[in-house]
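One structure is given here, and the rest of the page talks about it.
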Amino acid sequence: MNVPTLGQLAGRILGEVRGDAALEIRGAAALRKAGPHEITFAGDEKHLRLLDDSRAGACLVQRRFRDDRVLNGARPALVFVDDPQDAFIAILREFRTVPGPRTLGVSPNAIISGSASIGPDCNIYPGVFVDDNVVVGARCDLYPGAYIGRDCKIGDDCILYPHAVLYADVRLGNRVIVHASAILGADGFGYRFRNGRFEKIPQLGWVEVEDDCEIGACATIDRGMIGATVVGEGTKLDNLVMIGHNCELGKHNAFASQVGLAGSVTTGDYVRCAGQVGVADHVHLGRGCTLGAKAGIHKDIPEGETHIGYPARPEQEQLRIVMATGKVPEMRKALRELEVRVEKLTRLVQQLTAPGVES
Amino acid sequence: MNVPTLGQLAGRILGEVRGDAALEIRGAAALRKAGPHEITFAGDEKHLRLLDDSRAGACLVQRRFRDDRVLNGARPALVFVDDPQDAFIAILREFRTVPGPRTLGVSPNAIISGSASIGPDCNIYPGVFVDDNVVVGARCDLYPGAYIGRDCKIGDDCILYPHAVLYADVRLGNRVIVHASAILGADGFGYRFRNGRFEKIPQLGWVEVEDDCEIGACATIDRGMIGATVVGEGTKLDNLVMIGHNCELGKHNAFASQVGLAGSVTTGDYVRCAGQVGVADHVHLGRGCTLGAKAGIHKDIPEGETHIGYPARPEQEQLRIVMATGKVPEMRKALRELEVRVEKLTRLVQQLTAPGVES
Amino acid sequence: MNVPTLGQLAGRILGEVRGDAALEIRGAAALRKAGPHEITFAGDEKHLRLLDDSRAGACLVQRRFRDDRVLNGARPALVFVDDPQDAFIAILREFRTVPGPRTLGVSPNAIISGSASIGPDCNIYPGVFVDDNVVVGARCDLYPGAYIGRDCKIGDDCILYPHAVLYADVRLGNRVIVHASAILGADGFGYRFRNGRFEKIPQLGWVEVEDDCEIGACATIDRGMIGATVVGEGTKLDNLVMIGHNCELGKHNAFASQVGLAGSVTTGDYVRCAGQVGVADHVHLGRGCTLGAKAGIHKDIPEGETHIGYPARPEQEQLRIVMATGKVPEMRKALRELEVRVEKLTRLVQQLTAPGVES
């Protein structure tokens, strides 16, 4: 790419320049990092206030701030657009020459069962293993070490990054992304305790991941004991998340890193879990509820509520308790002092009421 | 399989039918999921009470409930058996035509050192790597990407799922299952801090996993610094569990997902940890103790006790504290009110005792 | 190795023997484990006190304890040295005949792009995948299943254990160790919520891991959304650690297992996190601060401070609160009793002050 001027870049994203349109823009970077020949973006008003301290040559700003006083005397050149983040990503793509899509086809170094069916325009890298009766849709990328067990079904436009593992009988919808070393369909943690030993309960179910899900690196989704473990459409799981056997997640959930769900947890749509949340078995998380970081959940969570802490409570209640708990050492002191005062008072009053002493 | 009648199925599991023995049974499913031509099972009394709401065609029930009023008017046909779960699993196996065991032998696409010894009737898939002086017992399955480092010893009837990794010198007993991307024998997290830098302490020990253990997907068991990290017979570790260097776990422990043990933790037999428990280094968990979800353990736990919370305390004590802590905001208010009352009272009493005012 | 005498071993490590120099030493083990023909070491005074109970034949002890009373009548033979741990490791290496370095070269069963550049004296195992434009320095070991994406740069003397994954554009300094199934450069967890769905924000940044870092098994370090996720020189991450996108870690940090950092966390040098710590996005951890096990961090931590608990507070404050919180049930009881007493007292005083009743 030739080095564009700010004016040229702005033209491509339908932006309106205020400042030096002839400035050469050589890259794009975050607000704190951008230099004099780089462009950045301000996502919100807070960012706009940081503009004066930025070394950025130019900044993408939402149109509605055009006449805002916060921009008075802003140092970088400004480009007003409808959506600064979108515009920024478009520009970023120009500077980061991401290599185009590959047309690798099916590597002769992949091992693919004769009974598997591979859709058109897939890239199947060396070291991929595809077992019997697998069906892979169109335009899928299977990176080195991806393992697809017997009878798996994968939709169109899926990506399995290196060493992603689908045990037998895992089903992916369309446009599902499985990151490296994510493990789908391993046996659930199910045993019967008999004669002093744990006896394995066969895990005869499967896993279904619906359209548009993304599964993070080293996340694990166990197969159902009976029936399916389900991840609903559009749900996103971050790295190192654990989904136990027979969980059924609704649509458009988002679970941050290291969240763990025990067996048979169910969730409504639009549930959000911050990092390291843990949920006990058979709990239901209601539609649209939110769980704060490290929350520990033992009971069903009603629709739309936000719960935090361990044991989890509704957010406002928990905040009040945490705040008050910080005062417990003082309270303890105050309580002891009060006891002493009451003791003293009691003696005084006893003297006052004691028959025939003074009065 | 031809579609069996309920009577035919019941015959195979020595069950006694109450209801329509001619009903065609086309599948098996969980209580909430089963349809009119499916069979389910009721594990306990709670399940029996749900029977009326179930759409199931038939249900396996324990014999001792045969005359129980809870079954009065139960909608599904009933099959009385000694152990409903066992019977259900037997039936499930009939419906889920799990492919039989393979006789793959040793794939020519596996890389196996000339000095390794492989027992009879193993299945070694393409992409397996077996290093020098490894000994593998009889009837083991090593899936694609399984990596066995130098001098490892693996017993009979073990399964290593895809990308399971044994660093050098790891020893597995018989019937050990290692799930996908579980990592055994990586270096312990041991450094000396010298001259402003962390200096690696060589991790010269090894890992021993005894008979009948199961290690979850993406679990990690570090090698000892000196000597062995040990996982005792029959112990089960769920996905994403971390066992630090030189830990020594007793027999028949069960640790749920995302549990973490720092270095040199020891445990007795029959220890159970719920999900996301963390245990500090050198702690001993006594035989038969239980740790609740997310418990944080800094001290030895006595035999047989149940501890919960963070910092962990004995269960009853912790429950009392958690309950009371929820009242701290009210307590704080009550304490302040009481202070005001005592202040007022003090003034009143002072007036009463003040010399020569009224009395 | 011929079986050495204690005197011979001591000579090699410049130690001074007190006891039977002719004792044959056949191995080295930890204090609790060593037998009559094994040597152990005592790291500190606490260990010295355990010497009498040890079955060890000999023990390495620091010279400054030579005249200490704690050694009076110690059973094992003693060897006085400057640094018992160093001496022990040296001896351990003699007994554990660790196989020498390999000169495997580049395996014909590795897949290496024609545009990749591999430095001298590397060991590249079968099943390694190296993509276009990758640069690998000298003397690197890439174990089976290591995956190096496009445009990655790896310095000298690095080790990538089995199934370590570098997505495109990851840069490693010199002497970096990446353990098995650690995943560097997967997409950050970044979405925009629009029209009822999560829309993926392209993650166009990269990952930089500086010299002398060690990354644990199944740890994950996400690529930046814009710009780099950085792990500073000499920083050590244990197994199953999660580093979110655009985090920037300082030098010589040490994070124990299962620690999770959300996006854009920054840290100074010498930061230490114990196991299972969680840090919210955009938080700064000041130079030299320490976070206790399971701490949950939502605010910046000042330089040098130690914070513990959830929500995290300065250590002394938190300990006071935890201690006091344990007393809340008693406090509640005491408060209720006090209320009763004050109520009674109030009535008494009211009687005393009531006009024209008795006085």
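Rule-based calculations on the coordinates, nothing more; no lab input. In this text, all values refer to a predicted model and were calculated from it rather than measured experimentally. Quick reminder, even Gly has a Cβ in these numbers, built from the backbone with ideal geometry, and neighbours come from all protein chains shown.
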Whole-Hz Karplus couplings 3J(HN,Hα) for region A:220-232, θ = phi - 60° and coefficients 6.51, -1.76, 1.60, Gly and Pro as x, run 10, 10, 6, 5, x, 6, 10, x, 9, 8, 10, 10, x
What percent do you get for the relative contact order of chain C when only Cα pairs under 8 Å and 6+ apart count? 6 percent
Connecting C-alpha atoms closer than 10 Å in a GNM of chain C, tell me which of C:V241, C:V17, C:V134 has the biggest fluctuation. C:V17
homo-copy label distances at A:N72 (7 angstrom along Cα-Cβ), nm, one dp, ascending, are 8.3, 8.3
Hey, got a sec? Which GluC sites (Glu not before Pro) in region B:290-358 land in a DSSP loop and have at most 10 other Cβ atoms within 10 Å? B:E358
Along its three principal axes, how long is chain A when you only count alpha carbons? Whole Å, largest extent first please. 110, 77, 28
Karplus-derived HN-Hα couplings along region B:201-213 (A = 6.51, B = -1.76, C = 1.60, θ = phi - 60°), whole Hz, x at Gly and Pro: 8, x, 9, 9, x, 8, 10, 10, 10, 7, 3, 6, 7
Can you give the relative contact order of region A:198-291 as a percent, counting alpha carbon pairs under 8 Å and 6+ residues apart? 20 percent
Among beta bridges assigned by DSSP with both residues in the protein assembly as shown, the antiparallel ones amount in percent, to the nearest 5, to 15 percent
Residue-normalised 222 nm signal for the protein assembly as shown, counting each DSSP H run of n ≥ 4 as -39,500 (n - 2.57), nearest 500 deg cm²/dmol, is -5500 deg cm²/dmol
Using a ≥ b ≥ c from the Cα gyration tensor of the protein assembly as shown (square roots of the eigenvalues), is it rounded, prolate or oblate, where a/c under 1.5 gives rounded and otherwise the larger of a/b and b/c decides, a/b for prolate? rounded
Taking chain B as a Gaussian network, where each spring joins two C-alpha atoms under 10 Å apart, which residue of B:G27, B:G127, B:G205 fluctuates the most? B:G27
Counting only DSSP beta bridges fully inside region C:165-212, the antiparallel percentage to nearest 5 is 45 percent
List every DSSP H helix in chain A whose Cα atoms extend 30 Å or more along the helix's own long axis and whose mean Kyte-Doolittle hydropathy is at least -1.0. A:328-353
Rounded Å value of the spacing that divides the Cα centres of region B:17-81 and region C:244-294: 53 Å
Just grab the label-to-label distance for A:V106 and C:R336, each label 7 Å out from Cα along the Cβ direction, in nm (one decimal). 7.4 nm
Please give me the summed charge of the neighbours of C:I148: other residues whose Cβ is under 12 Å from its Cβ, Lys and Arg +1, Asp and Glu -1. -1
Under a GNM of chain C (C-alpha, springs under 10 Å), which listed residue has the highest mean-square fluctuation: C:F255, C:F189, C:F41? C:F41
Label 7 Å beyond Cα on the Cβ vector: A:R102 copy-to-copy distances, nm: 2.4, 2.4
Shielding by partners - mean other protein chain Cβ count within 10 Å, residues of B:293-299: 5
Within chain C, the percent of DSSP beta bridges that are antiparallel, given to the nearest 5, stands at 15 percent
Per the charge dipole of region A:90-162 (beta-carbon charges, Lys/Arg positive, Asp/Glu negative, Cα centre), the residue among A:V130, A:L104, A:C140 reaching farthest to the positive end is A:L104
Mind checking the mean number of beta-carbon atoms from other chains within 10 Å of the Cβ atoms in A:123-129? 5
How many nanometers, to one decimal and shortest first, lie between the label point of A:D44 and those of its other copies, if labels sit 7 Å from Cα toward Cβ? 4.6, 4.6
Would you mind giving the mean number of other chain beta-carbons within 10 Å of the Cβ of each residue in A:221-232, as a whole number? 3
I want to verify the translational diffusion coefficient of region C:218-359 in µm²/s; compute it with Stokes-Einstein, Rh as the Kirkwood radius over Cα pairs, at 25 °C and 0.890 mPa s. 138 µm²/s
Over region A:18-133, what is the mean sequence separation of C-alpha contacts under 8 Å (at least six apart), divided by residue count, expressed as relative contact order in percent? 20 percent
Add +1 for every Lys or Arg and -1 for every Asp or Glu among the other residues with Cβ under 13 Å from the Cβ of C:N246, and state the total. -2
